[in-house]
Amino acid sequence: MKKGFDHDKYIEKQSKEIKDRLKLFDKLYLEVGGKLFSDTHAERVLPGFKSDAKIDILKKLKKDIEIIFCIKASDIEKNKTRAEYGVTYDTEILNLINISRKHGFDVNSVVITLFNNEESVTKFIKKLEIQNIKTYIHTATKGYPSDVNTIVSREGYGANPYIKTTKKIIILSAPGASSGKLATCLSQLYHDNKKGINAGYAKFETFPVWNLPLKHPVNLAYEAASANVNDYNLIDPYHLENYDVQAVNYNRDVDSFPILKTILNRIWGEDIYLSPTATSINVIKDCIIDMDIVNESSKKEIVRRYYQEQANYKLGLNDNEPLTKVKLLLNELEIDEYYLKTIKPALKKSELEKRHVISLELPNGKVITGKQTDLLSPASTLIINAIKELTKIPDEINLLSPSVLEPILKLRREEKELSLQEVLIALSICSVTNPIIETALDNINKLKNCDAHSTYIIQNGDLRTLKNLGINLTCEPEFYSNKVY
């Protein structure tokens, strides 16, 4: 993979900027935008960016850090799900806590925001308490958003319980957007100010990149990724007016800044930030080393988002508005839905074979396919063909013979084909006595970051396994069978 981004430089510069921001205060509440772990969007758009970059940055500051996780009560009540994992927000909170502790970070607590006595939320709180995880409940802030006098008072932020912290940097993270991170920060700033603590606020941002052009492919890729939550980029008018610099931000931050500025002024007694962009810490542009590579990766990501929104619409997860938005972004860049090298070969092969097909572009640029067979799913066939190609194993050699596969199928009640995970398990078992299979499996990691395109919507097991392999998957908005989904 050709790199367009200097990961090591990013770690150094972003961590330094956080340290410099901390110097303005005795304590800093740092709201993390996007994903704390596994930022695969940034990894795809900025080749060279590692998905756990934020963690690498925070590790450099670990001794001064503790983490607070926020989750909105209604997201628990509605079983809101992380689309890319199929994991509910409440389960994701537990995952985030486990991963944070694994990396050696102190987890302070979980804040339930906008609590309204939901029964399912009360059960979740008890679950956390049983596991000795501190939990705080925040209800709707009285007076918000217009009555600042009430908001910044005992009846407003003062009504929330104070979260006791001991470190200099308090990270606020969440399983998704609009989880109450900012409100929790402001509540804490109010309490700290009342206690005479010089506490500050900042945002750890990745996208949009404030000092790239508004219509830069990187920023358009962010718009595509957030089309389903009605986010869009714009020039920050406050930054332009007060700093005479054009800066890109997104609509929610710009729209909410007047009230944020007023609240912060009431708490601090002065205007430290004159624009929403000024609250952010983001050195992404400084670490791009090949803009052509980044531009190309961003265009490809927008195409992927187009297919994702097509699938979401087909599955009834969204209306067609996000799909329309992403289609307009493709038009702006003067590219179409066939921009990825994998798409036309999959469609052509499927038409020829009258079967479902998945295509994949190998690291050397060659496109291979895998089709539905009597024994294997298209994903299973694809990965077998891919590792055979990488290992230079002739087509006529079967890595798994029918005599190995058929006994496994006999244990199945409904499905007539082996899933990718089952095939990988079978290959792993056979590799113990077959060095050719062992060598082939050793090459499977080379499929990370490869593009693949399916002629049907891949769901459940095969989807998880392909994503675990790090394959960038797009799907036609068609179901695998005539079953109702």
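The values are calculated or read from the model by the stated rules, or taken from the named source; none is laboratory data. The structure presented is a predicted model; accordingly, all values stated were derived computationally and were not measured. Cβ atoms come from the backbone with ideal geometry, glycine included; neighbour counts cover every protein chain shown.
Any residue at all in region 129-142 that's under 30 Å from Asp462 (Cβ atoms), part of a loop (DSSP other than H, G, I, E, B) and touching a Ser or Thr at 6+ places or on another chain (Cβ under 7 Å)? Explain how you work it out, then say what you get.
We begin by selecting, within region 129-142, every residue under 30 Å from Asp462 (Cβ atoms); these are none.
The answer is no, given that none of the residues of region 129-142 is under 30 Å from Asp462 (Cβ atoms), part of a loop (DSSP other than H, G, I, E, B) and touching a Ser or Thr at 6+ places or on another chain (Cβ under 7 Å).
All conditions but one from (1) assigned by TED's automatic domain parsing to the domain that holds Tyr456; (2) touching a residue at least 12 places away in the same chain (Cβ under 8 Å) apply to Lys354; the one that does not is (2). Annotation note: of Leu466, Leu473, Leu418, Leu409, the sole residue that is at pLDDT below 95 and surrounded by 20 or more Cβ atoms within 10 Å (Cβ to Cβ) is Leu418. Answer yes or no as to whether Val87 is outside the structural domain of Asn449 (by TED's automatic domain parsing), hydrophobic (A, V, I, L, M, F, W, C) and surrounded by fewer than 16 Cβ atoms within 10 Å (Cβ to Cβ). Answer is yes for this residue.
From the set of residues in region 210-261 that are among the polar types (S, T, N, Q) and farther than 16 Å from Thr277 by Cα, which is nearest to the chain's Cα centre (by Cα)? Reasoning before the result, please.
Let us first name the residues in region 210-261 that are among the polar types (S, T, N, Q), namely 211, 219, 226, 228, 230, 233, 242, 246, 249, 251, 256.
Keeping just the survivors that are farther than 16 Å from Thr277 by Cα gives 226, 228, 230.
On the way: Ser226: 10, Asn228: 14, Asn230: 16 Å.
This residue is Ser226.
Look at Lys448 and say whether it is surrounded by fewer than 18 Cβ atoms within 10 Å (Cβ to Cβ) and at pLDDT 95 or above. Considered against the rule, which asks whether it is surrounded by fewer than 18 Cβ atoms within 10 Å (Cβ to Cβ) and at pLDDT 95 or above, Lys448 comes out as yes. Assessment of region 22-43 against the conditions (surrounded by fewer than 21 Cβ atoms within 10 Å (Cβ to Cβ), at pLDDT 95 or above, of a type in the set (D, E, K, R) and assigned to a helix (DSSP H, G or I)) yields no matching residue.
From the list Ile272, Ile259, the lone residue that is out of contact with any strand residue (DSSP E or B) (no Cβ under 7 Å at 6 or more places or on another chain), not in a helix (DSSP H, G or I) and not basic (Lys, Arg) is Ile272. Test Lys63 against the criterion of being within 30 Å of Ser297 (Cα to Cα), in a helix (DSSP H, G or I) and modelled with pLDDT of 95 or more, and give yes or no. When the stated conditions are applied, Lys63 does not pass them.
Among the residues in region 285-294, are any farther than 18 Å from Asp6 by Cα, touching a Leu at 6+ places or on another chain (Cβ under 7 Å) and of a type in the set (A, V, I, L, M)? Please lay out each step first, then the result.
Restricting attention to region 285-294, the residues satisfying the condition of being farther than 18 Å from Asp6 by Cα are none.
Within region 285-294, not a single residue is farther than 18 Å from Asp6 by Cα, touching a Leu at 6+ places or on another chain (Cβ under 7 Å) and of a type in the set (A, V, I, L, M).
The residues listed here are Asn116, Asn95, Asn79; of these, the one that is out of contact with any Leu (no Cβ under 7 Å at 6 or more places or on another chain) and assigned to a helix (DSSP H, G or I) is Asn95.
Please work out if Val303 is hydrophobic (A, V, I, L, M, F, W, C) and in contact with a Leu (Cβ under 8 Å, 6 or more places away or on another chain). Let's see the steps before the verdict.
On the way: hydrophobic (A, V, I, L, M, F, W, C): yes; in contact with a Leu (Cβ under 8 Å, 6 or more places away or on another chain): yes.
Answer is yes for this residue.
In region 62-112, of all residues being among the hydroxyl-bearing types (Ser, Thr, Tyr) and under 20 Å from the mean Cα position of the chain (by Cα), the one that is farthest from Ala227 (Cα to Cα) corresponds to Ser100. In summary, Gln246 fulfils each of the numbered conditions (1) touching a strand residue (DSSP E or B) at 6+ places or on another chain (Cβ under 8 Å); (2) outside any loop (DSSP other than H, G, I, E, B); (3) without any contact (Cβ under 8 Å) to a residue 40 or more places away in the chain with the single exception of condition (2). Within region 411-467, being over 18 Å from His356 (Cβ atoms) and among the hydroxyl-bearing types (Ser, Thr, Tyr) holds for Ser428, Ser431, Thr433, Thr439.
To keep it simple, each residue is scored yes or no on (1) closer than 30 Å to Asp192 by Cβ; (2) among the polar types (S, T, N, Q); (3) at pLDDT 95 or above; (4) crowded, with 16+ Cβ neighbours inside 10 Å.
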position: Tyr238; (1), (2), (3), (4): yes, no, yes, yes
position: Asp244; (1), (2), (3), (4): no, no, yes, no
position: Ser256; (1), (2), (3), (4): yes, yes, no, no
position: Leu264; (1), (2), (3), (4): yes, no, yes, yes
position: Asp271; (1), (2), (3), (4): yes, no, yes, no
position: Glu296; (1), (2), (3), (4): no, no, yes, yes
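Of the residues making up region 343-372, those that are charged (D, E, K, R) and either in a helix (DSSP H, G or I) or out of contact with any Asp or Glu (no Cβ under 8 Å at 6 or more places or on another chain) (or both) are Lys344, Lys348, Lys349, Glu351, Glu353, Lys354, Arg355. Would you pick out the residues in region 351-366 that are over 27 Å from the mean Cα position of the chain (by Cα) and over 21 Å from Pro477 (Cβ atoms)? Residues satisfying the conditions are Asn364, Lys366. Filtering region 289-297 for residues that are in a helix (DSSP H, G or I) and polar (S, T, N, Q) leaves a non-empty set. Checking each residue in region 309-342 for being within 20 Å of Gln459 (Cα to Cα) and assigned to a helix (DSSP H, G or I) picks out Glu309, Gln310, Ala311, Asn312, Tyr313, Lys314, Leu323. Every listed requirement among (1) at pLDDT below 95; (2) assigned to a loop (DSSP other than H, G, I, E, B) is met by Asn228 save one, (2).
Restricting to region 154-197, name every residue that is within 30 Å of the chain's Cα centre (by Cα), over 15 Å from Val111 (Cβ atoms) and assigned to a helix (DSSP H, G or I). None; the set is empty. In the list Thr113, Thr81, which residue meets the criterion of being touching a Gly at 6+ places or on another chain (Cβ under 7 Å) and more than 20 Å from Asn193 (Cβ to Cβ)? Every option except Thr113 fails the conditions.
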